[in-house]
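Asks: What follows is a single structure, and I will ask about it in a moment.
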Amino acid sequence: FLGFKMPQPPMGLRPRRLLARPAAVQARRAAALLAAGLVGAVVLLPWASAPGQIAWALHSLRPQLGSTASASGAAAGERRPRLRLGALPSDYDDDEDPVFGDLMNDEPEEEEPAFRPMSDGGGNRLVTRSRPGAASPVPATTAPAATPARAPVNAKADALGTAGDEEVSDSEVDEFLAELNLKVAVAPVSEGAIGLDPQGKDMRAQVSLFKEIRSSPARKYLYERGMPDQQMRLTLKDRMVIMAQAAEFGDWPVARRMMVTIWRKKVMRLPMGRILFNLMVKAHAQAGRPKAAESWVVDMLDRVFQPDIITFNTLLGGWAKSGNYHKVKYWMGRMRGRGVQPDAIGYGILINAHAQADDLPGAEAALAEMRESGFGSVGVEPYNSLLKLYASRGLDDRAYKMLEQMKEFGMEPNAKTYLLLMQVAAEAKDPISAVNWMETMEKKGQQLGQDHFHAVMMAHAKRGDVAGVQAWMQVMQDKGFNPDTESFNIWLMASAETGDVDACEDIVKVMKDVADIEPNVATLSAIIGACAEARDVEGARRWLFRAEAAELEPDLACYNQAIKACARAGNSSQAEHLTRRLLRSRMSPNMATYNALLEAFAQDGGGMAAEFWVDHMQRQARWRHSEFPQEQMNSAYAEVLLAHVRSGNLEAAEDWLTQMLGEGVEPEARCYLAMAQKHLEEGRTEQARNWLERMSSWSGLVPPQNFLENGGAPPQLQEVAVADR
């Protein structure tokens with residue numbers, strides 16, 4: 001009844017018992033509130049003019065209060081507090097009041113200075129703090145020193161001429177405005193010119209409200225629900241939209257929270273169950289959690305609503321991202337067992353999974369199975385996935401054959417297909433074929449892009465043709481494409497193939513000074529690759545450490561090139577140092593790292609260290625099978641054996657070869673030839689003959705003819721031509 005209203009929760013959050021109160025109870029409460037309001041009004045009415053009555057009481061007591069108030073105030077030396085009275089009588093004159101006259105005055109009262117200068121009688125000035133009611137320390141016989149003039153209460157206001165009752169004149173205002181106009185904060189834009197944006201660039205692409213909201217789940221939830229005083233009930237449609245967006249971005253916690261709110265309504269479980277489960281499977285698949293997505297599908301198998309083709313394809317896509325084609329095949333089999341036949345999307349996912357695992361035979365078999373199922377002409381994406389594998393291996397003959405098969409099914413290649421064909425030609429070091437594919441693409445009416453010119457430039461760079469790269473860069477500029485970082489990196493790769501470090505450094509200068517393009521990590525890798533071709537260990541280390549000093553974090557390719565430079569120079573200690581530095585940088589070595597490191601040990605004769613790093617490689621291969629193919633593992637084991645042979649420890653070399661056979665690693669031909677060569681050098685011809693016989697009996701390899709008569713193999717055992725089995 002005092003006019004205050006307690007805040008009420010939203011209608012959707014109020015307790016049900018408050019909404020279901022009987023009408024009789026509400027009537028009784030309303031009557032009680034009305035009675036309380038009437039009683040309060042009667043009690044407070046006599047005090048409505050309380051300020052006026054208080055003023056009259058003080059006015060009648062002024063003779064008695066006058067003397068006591070003035071005496072106490074003077075004795076205490078304190079300022080009396082100001083009073084602000086309410087309604088006073090019309091005939092009241094505050095100037096004649098001896099008690100409250102000065103209190104009603106708005107003018108400030110002079111304050112006693114906090115410090116007073118004193119003299120000790122000897123000519124020395126003392127400064128002591130004055131205390132209210134305290135006696136002065138100056139003797140009565142000594143004249144007090146002259147007190148300096150007190151500073152005004154508002155010195156700044158006096159300096160500006162605004163202290164007291166003085167007003168600013170119009171002339172001073174005009175003078176101030178004239179001075180302000182002379183100092184313009186922003187220079188005016190001349191006529192006909194365009195003002196520069198003070199931001200320097202368009203910030204809309206960098207300042208994204210939705211990205212900022214997604215980065216903070218708590219804030220996103222706050223935006224979705226609204227502030228406490230403006231909350232709205234989220235409808236089922238709103239919750240489904242939020243859940244779908246969360247699934248698209250892989251934000252599975254938000255998707256699960258939205259699903260729980262819908263799942264509580266039991267009537268929604270049957271019609272919305274499959275959709276909700278599909279969204280959760282998609283959320284986990286997009287987040288790179290295929291095992292969690294698989295658990296949701298397994299849960300669906302025991303419910304009324306069974307998984308459909310969308311559910312299975314989403315799960316297959318989650319496993320295909322990691323290259324686990326075994327799981328993709330397994331779930332395609334379970335699809336058929338449930339009566340759901342795989343469609344073209346499912347077969348395309350299977351081919352993509354084989355492509356991610358770099359499994360060319362499996363991808364070709366999956367494509368053949370897709371054609372047998374009648375989905376050979378559904379689209380070019382499965383063919384493009386297989387073309388990507390051909391491009392990485394430079395298998396141009398298979399790529400051209402598959403292109404003919406595409407035409408048989410009535411499918412025309414798109415721009416990506418032509419780009420992959422040009423990359424196949426570039427990997428095969430065939431720039432003429434790459435140019436022919438570009439011309440065919442133009443005749444078909446396809447739009448050329450900068451990537452197509454880069455593919456032709458890469459074909460010349462693989463051959464070390466720097467002039468060809470420069471010529472096609474000029475053609476690209478004539479077509480309206482400005483060179484970017486990748487263009488200069490291809491130019492650097494062409495110079496790196498020849499090992500010309502000085503030319504690479506000149507290209508970097510042109511890149512920074514002329515084109516105003518900052519080098520990236522790929523640029524650094526190309527320069528270190530040039531140092532590797534030139535066997536310049538110090539140059540490779542210098543560029544690697546220079547990038548770290550410039551806060552350009554080197555990647556695994558940069559370290560691999562630096563280790564390769566050490567291997568070419570036979571410097572195993574520096575190669576091992578860089579490998580350990582790579583591990584300290586929280587990076588995992590790949591097959592190229594181990595091969596380059598073991599090659600350095602083979603050149604330097606470090607057999608025991610090579611065995612340690614092979615064991616390290618085996619531990620890495622346990623969790624990343626697809627990144628360590630068996631052929632590369634065989635080559636790594638062979639490098640260890642060559643390291644033992646180079647050091648002259650034939651007994652350790654024989655033990656290592658026995659261990660290779662026991663672990664199922666097939667020795668290469670250079671392993672047997674190295675053992676035979678070493679025995680020939682030490683004059684043990686019979687032992688050399690035994691190793692040639694083991695080469696044919698143990699591994700089914702044919703030894704070179706006249707090996708013993710010619711005195712053994714050449715020194716470069718890695719370049720020995722080996723016959724087939």
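The values are calculated or read from the model by the stated rules, or taken from the named source; none is laboratory data. Just so we're clear, the structure is a prediction, and the values are computed from it rather than from any experiment. Cβ atoms come from the backbone with ideal geometry, glycine included; neighbour counts cover every protein chain shown. Each accessible area value is taken on the protein alone, full model and side chains, heavy atoms only, with ligands, DNA and RNA left out. Shrake-Rupley method; radii C 1.70, N 1.55, O 1.52, S 1.80 Å.
Asks: Quick one: Cα convex hull volume of region 280-348, Å³ per residue?
Replies: That works out to 75 Å³ per residue.
Asks: Treating region 409-536 as a set of equal point scatterers at the Cα positions, no solvent, please give the Debye-formula log₁₀ I(q)/I(0) at q = 0.10, 0.22 Å⁻¹.
Replies: Calculated log10 I(q)/I(0) at the listed q: -0.33, -1.25.
Asks: Whole-Hz ³J(HN,Hα) for each residue in region 638-646, computed from phi via Karplus 6.51 cos²θ - 1.76 cosθ + 1.60 with θ = phi - 60°, x for glycine and proline: what do you get?
Replies: Karplus values, whole Hz, x for Gly and Pro: 5, 5, 5, 5, 5, 5, 5, 5, 5.
Asks: Compute the semi-axes of the equivalent ellipsoid of region 537-647, taking the square root of 5 times each eigenvalue of the Cα gyration tensor, and list them largest first in whole Å.
Replies: Semi-axes (√(5λ), whole Å): 23, 18, 10.
Asks: Taking a probe of 1.4 angstrom, what is the accessible area of R581 in Å², to the nearest 10?
Replies: Its accessible surface works out to 60 Å², give or take rounding.
Asks: Compute the length gained on full extension between R29 and A515: take 0.36 nm times their separation in residues and subtract their Cα-Cα distance, giving the result in nm to one decimal.
Replies: 166.7 nm
Asks: Now, a different point. So if I take the centroid of the Cα atoms in region 277-338 and the same for region 381-418, what is the distance between those two points in Å?
Replies: 29 Å
Asks: Still on this structure, please answer the following. Could you check the simple spin-label distance between D238 and V39, using points 7 Å along Cα→Cβ, in nm with one decimal?
Replies: Going from the D238 label point to the V39 one covers 4.4 nm.
Asks: Further question on the same structure: In terms of the Cα gyration tensor, with a ≥ b ≥ c the square roots of its eigenvalues, is region 340-445 rounded because a/c is under 1.5, prolate because a/b exceeds b/c, or oblate? Before the final figure, lay out the partial values.
Replies: Details: a/c = 2.44, a/b = 1.51, b/c = 1.62.
Note, shape of region 340-445 comes out oblate.
Asks: Roughly how much of D478 is accessible, in Å² to the nearest 10, using a 1.4 Å probe?
Replies: 120 Å²
Asks: So which of K479/K512; K266/K321; K237/K329; K388/K509; K329/K462 end up more than 29 Å apart by C-alpha?
Replies: K266/K321; K237/K329; K388/K509; K329/K462
Asks: How much net charge surrounds H284 when only other residues with a Cβ under 9 Å from its Cβ are counted (Lys, Arg +1; Asp, Glu -1)?
Replies: Around H284, the surrounding residues sum to +2.
Asks: What is the projected area of the convex hull of the Cα atoms of region 634-694, averaged over all directions, in nm²?
Replies: Working: hull surface 14.4 nm².
Its Cα hull, projected and averaged over all orientations, spans 3.6 nm².
Asks: Tell me, what is the FRET efficiency for L270 and S585 to the nearest 0.05, using R0 = 60 angstrom and their Cβ-Cβ distance as r?
Replies: It comes out at approximately 0.65.
Asks: For region 478-596, what % of the accessible area comes from carbon and sulfur atoms, probe 1.4 Å? Don't skip to the end; give the middle numbers.
Replies: Details: 2430 of 5500 Å².
Here carbon and sulfur together make up 44 percent of the probe-accessible area.
Asks: Which percent of the accessible heavy-atom area of region 409-468 goes to carbon and sulfur, probe 1.4 angstrom?
Replies: Looking at region 409-468 in its full context, I get 47 percent from C and S.
Asks: If I model a spin label at W263 and D502 as a point 7 Å from the Cα along the Cα→Cβ vector, what separation in nanometres do I get?
Replies: In this crude spin-label approximation the distance works out to 7.1 nm.
Asks: Need one number: nm distance between label points at N649 and A549, each 7 Å from Cα along Cα→Cβ, rounded to one decimal.
Replies: Placing both labels 7 Å beyond Cα along the Cβ direction yields 3.9 nm.
Asks: Could you point to the residue in G529, M457, C558 farthest towards the positive end of region 410-560's charge dipole, with +1 and -1 charges on the Cβ of Lys/Arg and Asp/Glu respectively?
Replies: M457
Asks: Once the Cβ-Cβ distance between E442 and K407 is put in as r, and R0 is 25 Å, what FRET efficiency do you end up with, to the nearest 0.05?
Replies: Efficiency at R0 = 25 Å is approximately 0.85.
Asks: May I pose another question? What accessible area per residue, rounded to a whole number of Å², is obtained for region 346-453 using a probe radius of 1.4 Å?
Replies: With all protein chains present, region 346-453 gives 45 Å² per residue.
Asks: Say R0 is 60 Å: what FRET efficiency, to the nearest 0.05, do V298 and Q659 get from their beta-carbon distance?
Replies: Result of the calculation: an efficiency of 0.90.
Asks: For region 430-471, which semi-axes, largest first and in whole Å, follow from the square roots of 5 times the eigenvalues of its Cα gyration tensor?
Replies: 20, 10, 7
Asks: Can I ask one more? Could you state the per residue volume, in Å³, of the convex hull enclosing the Cα atoms of region 486-587?
Replies: On the way: hull volume 8.3 nm³, N = 102.
Taking only Cα atoms, region 486-587 has a hull volume of 82 Å³ per residue.
Asks: At a probe radius of 1.4 Å, what is the per-residue accessible area of H452, in Å² to the nearest 10?
Replies: Per-residue accessible area (H452): approximately 10 Å².
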